[in-house]
Amino acid sequence: MQHLGSFLVVVLGALCATHSYGQERPGTSEIFDRFAGGVVQIEVVEGDSGGKAGIGSGFAVGEGGEVVTNFHVIAEVVHHPDRYHARLGDDSQAPPRLRLLAFDLVHDLAILAPETPLGQPFVLGNGPYRKGMRLYSLGNPFDLGLSIVEGTYNGLLEHSHYPRIHFTGSLNPGMSGGPTIDDQGRVVGVNVATAGNQVSFLVPVDRVRALLDETAAPDFSPSEDMSAELHRQLDDHQRSYADMLLSNPIQTVTMGRYTAPTQPAPIFNCWGDSTHGEEDRYQAFLHVCSSDDGIFLSRDRVLSILLIRHQYLHSDELSPSQFYALYSQKFQDNYGRIAGNDAKMTEFRCRTRLIEAGSLRFKATYCARRYLEFEGLYDVVFKAASLGRPGSGFDTALMLSGVSLDNAELLARRHLGAITWQE
Amino acid sequence: MVEILGRRGQVDQRFRIERFPATVGRAYTNDLILDDRHICAEHARLELSEEGAVILRDLDSVNGIHRMDGGERVRIIEVTRGAEVRMGRTRLRFLPPDKPVAATVPNRESHPIWVWATSHWTAVLAWLAVFAGASAWTTYRSSYAELEADTLLTQLSYVLLAMLGWAGGWALFGRLLIHRTRFTGHWAVVCVYGLASLFLEGAFGYVRFLFAPVVAVTRVEFVGEGLLLAGLLYLHLHLATALRLRARTLVFVAAVVLSVAFSELNRRQTAKWMQTLPYWSRLQPVPQVWLPVESSEAFFTAARTLGSELDALAEEELADRAIQEGPL
């Protein structure tokens with residue numbers, strides 16, 4: 001009976017697709033009535049207390065045997081499979097469990113399997129899509145009940161290595177993992193994040209398809225050790241990200257007589273600012289590069305991957321000791337609080353020395369801390385302040401999260417090597 | 001000649017025996033009265049023997065006479081050419097009257113500047129000027145913000161008032177204890193302490209620039225501060241009390257130990273919740289040629305050891321958590 005139902009839906013959808021061109025677009029309530037059935041609420045509960053650790057949305061695909069959602073909705077199940085499990089959020093006495101099949105950390109996706117196949121599975125869309133296209137987002141905002149939100153497709157983000165669709169619509173927490181569909185009910189993306197003010201983000205459907213293809217493979221079986229799988233994905237990610245960074249040609253920016261590296265890759269967003277401090281006794285210039293990539297590892301840790309920050313200071317008025325008192329203060333801005341909570345990390349350890357690099361002299365510090373649960377993965381902060389000139393100073397900071405020490409060293413060496421001074 | 005010796009062998013009193021026999025004891029009827037409860041009212045007698053020797057005879061006393069060298073009890077001891085005995089808890093030394101004394105030591109006058117600096121009232125103003133000047137100068141040379149003259153003066157005034165109170169307190173204490181106020185001396189001590197503290201701070205600005213280890217440098221600074229504080233206390237006690245060298249030295253050592261311990265405990269507490277990178281961000285305007293540098297190549301290569309350091313840390317941390325959380 002279920003299969004017949006979904007078959008009819010597919011046929012209906014196909015019929016509508018062939019006739020949609022030239023016809024009036026279906027209204028939002030119609031879309032809701034037709035397609036909302038396949039959306040489910042997902043709860044992550046703690047085994048002992050039964051308390052909810054998190055809720056989100058998801059949707060059935062294929063024959064109803066798989067549920068798609070975000071990795072961050074079910075992250076606790078990956079980190080502590082013995083304590084947490086996922087289940088459907090219905091109001092019954094014994095809500096059916098969802099078994100984790102696979103996940104894709106960097107694209108923030110996860111595939112779960114229900115105990116019995118669900119009805120009204122969604123069809124995945126194909127693209128290409130045009131900016132301005134009308135989209136409909138489904139999900140459970142703030143546990144208020146299944147809802148539909150209208151919005152617009154606005155293309156892929158420029159400053160993101162891992163693709164994200166810019167969706168202009170008001171998504172809310174709780175809608176994570178729900179589908180965003182076109183007016184034919186085809187999935188265009190998966191709700192993943194919002195920045196407020198009608199700026200939201202979706203995971204493109206082709207990433208969903210890629211993950212489903214994996215689970216559909218004949219020899220596929222869910223990992224025994226999800227933590228090890230997570231570690232493997234983190235390692236793959238940092239390696240491919242570092243390769244991408246290292247293969248990009250070095251670009252530079254000029255600050256005073258110094259040139260320094262900028263724009264590590266096209267996906268980075270760089271901007272500068274100048275500040276005149278304290279009644280113009282000195283001038284300060286700032287240059288920052290960051291990307292919009294953020295990998296949700298857990299509630300307390302979102303990896304921001306790479307950040308660059310340069311500061312240039314100059315003064316004609318201050319005496320050398322006054323200037324260096326200021327310079328020291330500026331060099332002190334430390335980045336111990338990168339990427340969130342420190343509970344799952346070791347302390348930082350630093351190596352600080354006075355070094356020479358070409359014709360320049362620096363006070364350099366190279367700091368790192370390790371992920372407790374993931375061997376070989378570190379947060380690294382490399383800072384250097386140039387020395388020897390009484391009235392001008394340049395300090396740089398390179399912050400990396402979730403990298404191997406080898407890659408961090410390569411990136412730091414490259415970073416330092418790109419700093420020069422014109423006579 | 002009889003000398004009564006104190007606990008450290010110094011001479012407390014001297015008596016010349018004019019005629020013999022002379023009685024020795026606690027009662028007021030004696031020729032030589034010794035104030036010691038372990039000495040009998042009539043304890044001993046100094047006599048001239050037939051040969052002309054001077055002897056000390058025990059008069060059946062309770063605690064007797066003991067030789068200093070050896071400690072044996074004697075009834076009669078010859079003291080003509082000098083001897084040391086113990087009666088009760090008192091040490092006595094007998095000397096012939098013609099014992100030569102050591103040569104005269106010429107009196108070395110304290111340097112006039114030293115005397116002036118620790119006693120004359122004008123020195124108070126001089127010390128004030130020196131300290132205020134040094135304080136203002138160090139503040140000025142490390143400020144990059146516009147310094148208002150009156151803010152500087154206000155801050156300085158607070159410090160000086162505190163110092164005045166401190167020095168005054170010690171002067172009062174000295175007056176009560178040994179009837180010597182010595183305010184100039186106390187004031188000089190506080191000012192020297194202030195100057196030394198400023199100097200220490202400045203020196204450590206360079207230490208932090210050149211040396212990397214955060215905890216070690218901090219501890220050395222604690223020791224330095226402790227020494228200064230202890231020195232301050234020592235000098236105040238020297239001026240305000242009659243405490244002898246040994247007592248003052250004890251206070252000095254205790255002050256250093258307590259100061260360092262307190263600072264260290266404080267450091268550990270704050271380190272727990274302060275999330276900062278463990279490096280010194282202090283920079284100094286030292287010309288390039290004088291900087292003790294290593295190559296960037298060596299720097300990065302050596303930094304690889306951080307990996308194993310962090311692995312060890314992680315092992316420790318995980319082991320601790322396993323103990324805390326217990327089996328699931």
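Over the stretch A:85-192, calculate the relative contact order: mean separation of alpha carbon pairs under 8 Å at least 6 apart, over the residue count, as a percent. It would help to have the intermediate numbers written out before the result.
Details: 197 pairs, mean separation 23.3, N = 108.
The value is 22 percent.
Counting only the heavy atoms of the protein chains, how much of residue B:12 is accessible to a 1.4 Å probe, in Å² to the nearest 10?
90 Å²
Averaged across the residues of A:406-419, what count of C-beta atoms belonging to other chains lies within 10 Å of each residue's C-beta? Walk me through the intermediate numbers first.
Details: counts 2, 0, 3, 6, 1, 0, 4, 4, 0, 0, 3, 1, 0, 0.
Other-chain Cβ atoms within 10 Å of each residue's Cβ, averaged: 2.
Can you compute the FRET efficiency between residue B:20 and residue B:98 using 1/(1 + (r/R0)^6), with r the Cβ-Cβ distance and R0 = 22 Å? Round to the nearest 0.05.
On the way: r = 17 Å, r/R0 = 0.78.
Rounded to the nearest 0.05, the efficiency is 0.80.
Carbon and sulfur together cover what percent of the accessible area of the stretch B:148-199 at a 1.4 Å probe radius? It would help to have the intermediate numbers written out before the result.
On the way: 2220 of 3080 Å².
So the carbon and sulfur contribution to the accessible surface is 72 percent.
Hey, quick one: spin label on residue B:134, modelled 7 Å out along Cα-Cβ, who in the stretch B:223-244 has an amide N within reach, i.e. under 14 Å?
B:228-229, B:232
Just how far, in whole angstrom, is the stretch B:290-323 from the stretch A:265-320 if you go by their alpha carbon centroids?
26 Å
If packing is taken as the average number of other Cβ atoms within 10 Å across a peptide's residues, how do A:244-256, A:204-216 rank, most packed first?
Values: A:244-256: 14.2, A:204-216: 16.8.
Output ranking for A:244-256, A:204-216: A:204-216, A:244-256.
With the crude spin-label approximation of a point 7 Å out along Cα→Cβ, what separation in nm comes out for residue B:196 versus residue B:68?
Spacing of the two 7 Å Cα→Cβ label points: 3.8 nm.
Provide the descending list of Cα extents for chain B along its principal axes, expressed in whole angstroms.
Between the extreme Cα coordinates on each principal axis of chain B lie 98, 68, 43 Å.
Accessible area, 1.4 Å probe, largest first: how do B:137, B:170 sort?
On the way: B:137 150, B:170 35 Å².
Output order, biggest surface exposure first: B:137, B:170.
Can you tell me what the convex hull of the Cα atoms of the stretch B:102-234 projects to on average, as an area in nm²?
Numbers: hull surface 50.8 nm².
Here the figure is 12.7 nm², rounded to one decimal.
Mind ranking B:315, B:84 by accessible surface for me, highest first, 1.4 Å probe? All intermediate terms of the calculation are to be shown ahead of the outcome.
On the way: B:315 115, B:84 60 Å².
If we order B:315, B:84 from most to least accessible, we get B:315, B:84.
Name the residues of the stretch B:135-159 whose accessible area falls by at least 40 Å² when all protein chains are present instead of the chain alone, probe 1.4 Å?
B:141, B:144, B:146
Over what distance in Å are the Cα centres of the stretch A:353-410 and the stretch B:137-175 separated?
40 Å
Filter chain A for me: DSSP H helices, axial length by Cα at least 24 angstrom, mean Kyte-Doolittle hydropathy not below 1.0. List them by residue number.
Working: long enough: A:2-20 (26 Å, 1.25); A:226-247 (31 Å, -0.80).
For chain A, where a helix must reach 24 Å along its axis and average at least 1.0, the hits are A:2-20.
Treating the beta-carbon of each Lys and Arg as +1 and of each Asp and Glu as -1, no other charges, what is the dipole magnitude of the stretch A:306-423 about its Cα centre, to the nearest 20 debye?
Numbers: 15 positive and 13 negative charges, 32 e Å.
Magnitude of the dipole: close to 160 debye.
Per the helix-only calculation at 222 nm, which mean residue ellipticity applies to chain A, given -39500 (n - 2.57) for every DSSP H run of n ≥ 4 and division by its residues, nearest 500 deg cm²/dmol?
Working: 7 runs with 92 residues, N = 423.
Taken over chain A, the calculation gives -7000 deg cm²/dmol.
Using the basic label-point model (7 angstrom from Cα toward the beta carbon), what is the residue A:198 to residue A:279 distance in nanometres?
According to this spin-label approximation, the distance is 4.8 nm.
How long are the three semi-axes of the equivalent ellipsoid of the stretch B:102-171, in whole Å, if each is the root of 5 times an eigenvalue of the C-alpha gyration tensor, listed from largest down? All intermediate terms of the calculation are to be shown ahead of the outcome.
Numbers: eigenvalues 277, 44, 17 Å².
Three semi-axes, in Å: 37, 15, 9.
Give the accessible area for residue A:32 in Å² (nearest 10); use a 1.4 Å probe, count only protein heavy atoms, and leave out ligands, DNA and RNA.
60 Å²
For a distance above 18 Å, tell me the whole-number percent of Cα pairs in the stretch B:146-192 that qualify.
Counting every Cα pair in the stretch B:146-192, those more than 18 Å apart make up 41 percent.
I'd like the trypsin sites (Lys or Arg not before Pro) in the stretch B:126-221 restricted to DSSP loop residues with at most 16 other Cβ atoms within 10 Å, sorted by number. Working shown, then result.
Numbers: sites: B:141, B:175, B:180, B:182, B:208, B:219; in loops: B:180, B:182.
Those that pass, being in a loop and sparsely packed, are B:180.
Roll a 1.4 angstrom probe over the protein heavy atoms and tell me the percent of accessible area of the stretch B:204-258 that is carbon or sulfur.
Working: 2350 of 2990 Å².
Percent of accessible area from carbon and sulfur atoms in the stretch B:204-258: 78.
Taking only C-alpha pairs under 8 Å that are 6+ residues apart, what is the relative contact order of the stretch A:268-322 in percent? Intermediate results must be reported in sequence, preceding the final value.
Working: 88 pairs, mean separation 18.8, N = 55.
Averaging sequence separation for qualifying contacts and normalising by length gives 34 percent for the stretch A:268-322.
Using only the C-alpha atoms of the stretch A:97-183, find the volume of their convex hull and express it per residue in Å³. Before the final figure, lay out each step's value.
On the way: hull volume 11.3 nm³, N = 87.
Given the Cα convex hull of the stretch A:97-183, per-residue volume reads 130 Å³.
Within the accessible area of the stretch A:89-241, what % is carbon and sulfur when the probe is 1.4 Å and the other protein chains stay in place? Display every interim value, and only then the final one.
On the way: 3320 of 6880 Å².
C and S fraction of accessible area: 48 percent.
Per the Debye formula with a single identical scatterer at each Cα and no solvent contribution, what log10 I(q)/I(0) holds for the protein assembly as shown at q = 0.05, 0.06, 0.08 Å⁻¹?
-0.50, -0.63, -0.86
With the dipole of chain A worked out from charges on the C-beta (+1 for Lys and Arg, -1 for Asp and Glu) around the Cα centre, which of A:319, A:67, A:267 lies farthest toward the positive end?
Toward the positive end, the furthest listed residue is A:319.
What FRET efficiency comes out for residue A:228 versus residue A:257 if R0 is 60 angstrom and r is the Cβ-Cβ distance? Round to the nearest 0.05.
Details: r = 50 Å, r/R0 = 0.84.
It comes to 0.75.
Of A:391, A:253, A:32, which is farthest along the charge dipole of chain A in the positive direction, counting Lys and Arg as +1 and Asp and Glu as -1 at C-beta?
Positive-most Cα among the choices belongs to A:391.
Throw me the Rg/Rh for the stretch B:36-177, computed over C-alpha atoms with Kirkwood Rh, two decimals.
1.44
Am I reading the A/B interface right? What is its buried accessible area, both sides, 1.4 Å probe, to the nearest 100 Å²? All intermediate terms of the calculation are to be shown ahead of the outcome.
Values: alone 20310 and 23540 Å², together 38780 Å².
That pair of chains buries around 5100 Å² in total.
Calculate, for the protein assembly as shown, the solvent-accessible area per residue in square angstrom, rolling a 1.4 angstrom probe over the heavy atoms of the protein chains.
Working: 38780 Å² over 751 residues.
Accessible area per residue, the protein assembly as shown: 52 Å².
For a label point 7 angstrom out from the Cα of residue A:220 toward its Cβ, which stretches of the stretch A:101-122 have the backbone nitrogen within less than 15 Å?
Answer for this model: A:101-105, A:109-114.
For the stretch A:14-166, what is the Kirkwood estimate of the hydrodynamic radius, computed as the reciprocal of the mean inverse distance between distinct Cα atoms, to one decimal in Å? Could the numbers behind the result be given before it?
Details: mean 1/r = 0.0586 Å⁻¹.
Every distinct Cα pair counted, the radius reaches 17.1 Å.
Cα atoms only, chain A: Rg and Dmax in Å?
For chain A, the Cα-based Rg and Dmax read 25.3, 85 Å.
Remind me, relative contact order of chain A in percent, using alpha carbon pairs under 8 angstrom and six or more residues apart?
Result for chain A is 11 percent.
Cα convex hull of the stretch A:260-405: mean projected area in nm², to one decimal? Walk me through the numbers on the way to the answer.
Values: hull surface 39.2 nm².
One quarter of the hull surface, i.e. the mean projection, equals 9.8 nm².
Residue B:111: accessible area at probe 1.4 Å, nearest 10 Å²?
Counting only protein heavy atoms, the figure is 120 Å².
Quick one: order A:52, A:363 from most to least accessible surface, probe 1.4 Å.
Numbers: A:52 110, A:363 5 Å².
Greatest to least solvent exposure: A:52, A:363.
The values are calculated or read from the model by the stated rules, or taken from the named source; none is laboratory data. Model, not experiment: these values are computed from the prediction. Neighbour counts are summed over all protein chains in view; Cβ atoms, including those assigned to glycine, are modelled from backbone coordinates with ideal geometry. Ligands, DNA and RNA are excluded from the accessible area calculation, which covers all protein heavy atoms including side chains. Shrake-Rupley method; radii C 1.70, N 1.55, O 1.52, S 1.80 Å.
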